[in-house]
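The values are calculated or read from the model by the stated rules, or taken from the named source; none is laboratory data. Keep in mind that this is a model prediction, so the values were computed, not measured. So basically every Cβ, Gly included, is an ideal-geometry build from the backbone, and we count neighbours across all protein chains shown.
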Amino acid sequence: MKIKIAILITVTVVVAFLSMARTRTTQNQLKNNSLLVEQIPDVAVPDSLLRDLEPNAVTLKGYSKKASDSRESFFVTNNTNHRISHIRLLMRYSLMNGEMLHERTATVEVDLKPGETRLVAIKTFDVQRLFYYYAGPKPRKSATPFKVAFRLVGYDIPVGC
């Protein structure tokens, strides 16, 4: 009797194991989205403090925002010779035809050593989730592609670190 139960349990386990569907954990269509984010051209700035700000002190790369995302993510690189934090960026969002959607100043809470790059995320401008970044994957639902450009507005240099 014990042998029959053992055989029955073994057969049940084997059948259950063979009937499980294979779960794919890889993606074939991944692509490198490390495009540089376009910079907004400098204009005459009346503030004497901002005139000394090096516009290439920070580089943004690999911007990502899907239609369903509540956050925008991108890589920030410190191109200065000193540690920086609390990076302030003027972000300009526009449609593919150049029409401006939105413009805002965002503060990126990050602490970067010279030459360091870090992935950061900020709350998205798109609260209704109607837009997606043009260089990212196209969504299944109806959404509008957009471009983003930035200008460095400021950053802090921590002392005593």
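Checking each residue in region 100-144 for being over 17 Å from the mean Cα position of the chain (by Cα), in a strand (DSSP E or B) and of a type in the set (S, T, N, Q) picks out only Thr144. Considering region 50-78, and only residues there that are exposed (fewer than 14 other Cβ atoms within 10 Å of the Cβ) and within 20 Å of the chain's Cα centre (by Cα), the residue that is modelled with the lowest pLDDT turns out to be Asn56. Of all the residues in region 57-80, those that are in contact (Cβ under 8 Å) with a residue 60 or more places away in the chain, in a loop (DSSP other than H, G, I, E, B) and among the polar types (S, T, N, Q) number 1. Taking the criterion of being surrounded by 15 or more Cβ atoms within 10 Å (Cβ to Cβ), touching a Ser or Thr at 6+ places or on another chain (Cβ under 8 Å) and within 30 Å of Gly160 (Cα to Cα), the residues of region 90-116 that qualify are Leu90, Val110, Asp111, Leu112. Residues that are among the charged types (D, E, K, R), at pLDDT below 95 and in contact with a Pro (Cβ under 8 Å, 6 or more places away or on another chain) are absent from region 113-129. Within region 145-161, the set of residues being assigned to a strand (DSSP E or B) and either touching a residue at least 60 places away in the same chain (Cβ under 8 Å) or among the aliphatic types (A, V, I, L, M) (or both) comprises Lys147, Val148, Ala149, Phe150, Arg151, Leu152, Val153, Gly154, Tyr155, Asp156.
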